[in-house]
Structures are given as structure tokens and as C-alpha cells.
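A.B. asks: Below: one structure in C-alpha cells.
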Amino acid sequence: MCKCIEEQFEVVERVDHGLSLLQLERFGYQSVHFIISLNAQRLALPEYQRFSGSKAEIQVRTILQHAWAEIEHDIGYKSSHVIPIVIRRRFASLAGMLEIADREFQGIQDEDLSLRTEAITSIQEGMLDTIEITPYALKAYLDKHLGSDDRMTDFSYDWEVRLLHKLGFSNLDQVNKCIEKFDDDRISRIISGGRQGQLTRFEYLLLAAMGEAYISKHPFNKFPWFAEPEKGYLRKLEEAGIKGNYRPS
């Protein structure tokens, strides 16, 4: 964020409070403060010319650093010399804990991005046995094998992952072995008379490949509005000579 600000604005002043904690005698407050003005490129545009000569302040900090700033402001201690020793110790402990938490949150975010990238690469290369079933991994797999569908929401893929876990799947290799022998377009037309969306076709494939087990293990199996139509779809598939009995192992 700091790099972006420095690239997009004319920086009049920059103060990094994280580097100047000792000089300011403040506990744990980390924030980068900028005084900025618009650069020449922006001021050349008519809509920005009225801001020529104006300055603004931007403060950059993490959510946890902001929480610290708010609490510290409410308590009112600005110097370590005026803080009672017992509170000073608690401030010091809290500062360390928040710094560790900040690092961990960033580490989790970085690892999540790395896992997403690795999963997509593995899917493209056909290495599915080690890929955990997650919403982003499932979407990448289905986009490759069934074609992408921008109508699908994040919630839809989250639901499909929960469904797969309920059905007993633990990795994408099992999913692939389950449905790879079936034609999603043909099955969709047999069941519904036309080509349905990506996730509907995927569920039809699971039904065709698993048969009765798909219905009995489905979270909605006890509801007639789900079970009866699914049994009807299964009969249509069997009449067309399509029958499967795949079980994840």
C-alpha cells in the first residue's frame, strides 16, 4: 500500500511510527503516515485541477494496529514515563502478541494464496491425488472439465464442497475417477431435456456415477421434494443404459 501511495501521489512527508517507537516512547503503535498532494500527471486532468495546492494525510496500518491505536487513544498514555509499571508490562505483552498475530495473519494469507496457485497448477497438469477439495480447487477442476460458468457464485462452490465431503470424497482424484467415464452433456439432456449449468451437470454426473448411494448420502435425502425427483432421474438414466456404482475409498 505504501508503495502504491508513493507511485500515485506526490509525497510531501512520510513518517514511519514503527521505526520511531523508541524516539516517541510509545508502546506498540505502528503506522505509516503520509502527507500527500496530487502529482503533475493528475493535475493535468481538468477534474483534478481544483485540488492544486491541496494536501491530505493518509495513515496506513493493519486492522490490529488500528485496534491498538484506538485503545491507546482511549486510555490516554502517550509516554512510557507516565504509565504505571503494572500497566506498562501489560502494554508490552500486548504489543508483542499483536505483532505476532499480525505476522500470523499475513502468513496465513500468503500460504492460502500459495495453496491456490499450486492447486490450479496441479489441476492443469492432471495431478489430482494430493489436491484437497476446496471451493477454489473444485472451481478450477470443473472449469477445465465442464467449461466455466460465470453464473456460479462462491457460495455455490462452497455448497458443492460440503456435498462432496458428505458423499465421502476427500480429494479431486476421487471426484475425477467418479465422473470421468460419463458424458455430462448427454446425461443433462436425458434428465432435463437440455444442457444445464455447470454445477447442475456436475450433480447429474455424481448421480449417474454413484446411483442410489448419491441419494442416500445426500444431506437432503430425507426430504421427498429432493429424493423423489432424484429417483426419477435415476430411472431415466437406467432406461438409457447409464448405471454406475462408484464409491469413494
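The values are calculated or read from the model by the stated rules, or taken from the named source; none is laboratory data. Treat the numbers as computed from the prediction; the structure is a model and nothing was measured. Ideal geometry is used to build each Cβ from the backbone, glycine not excepted, and the neighbour counts take in all protein chains shown.
A.B. asks: Counting just the residues of region 21-54 that are under 35 Å from the mean Cα position of the chain (by Cα), in a loop (DSSP other than H, G, I, E, B) and under 24 Å from Glu70 (Cβ atoms), which one comes out modelled with the highest pLDDT?
C.D. replies: Out of the qualifying residues, it is Ser31.
A.B. asks: Something else about it: Give me a count of the residues in region 48-62 that are over 14 Å from Val12 (Cα atoms) and surrounded by fewer than 10 Cβ atoms within 10 Å (Cβ to Cβ).
C.D. replies: Count: 1.
A.B. asks: Output the number of residues of region 227-246 satisfying the condition of being farther than 14 Å from Val175 by Cβ and not in a helix (DSSP H, G or I).
C.D. replies: The number of residues fulfilling the criteria is 5.
A.B. asks: What is the one condition in (1) within 27 Å of His66 (Cα to Cα); (2) touching an Asp or Glu at 6+ places or on another chain (Cβ under 9 Å); (3) at pLDDT 85 or above that Glu104 does not satisfy?
C.D. replies: (2)
A.B. asks: On the given criteria, is Ala137 surrounded by 12 or more Cβ atoms within 10 Å (Cβ to Cβ) and either of a type in the set (Asp, Glu) or not assigned by TED's automatic domain parsing to the domain that holds Asp173 (or both)?
C.D. replies: So Ala137 does not fit the description; no.
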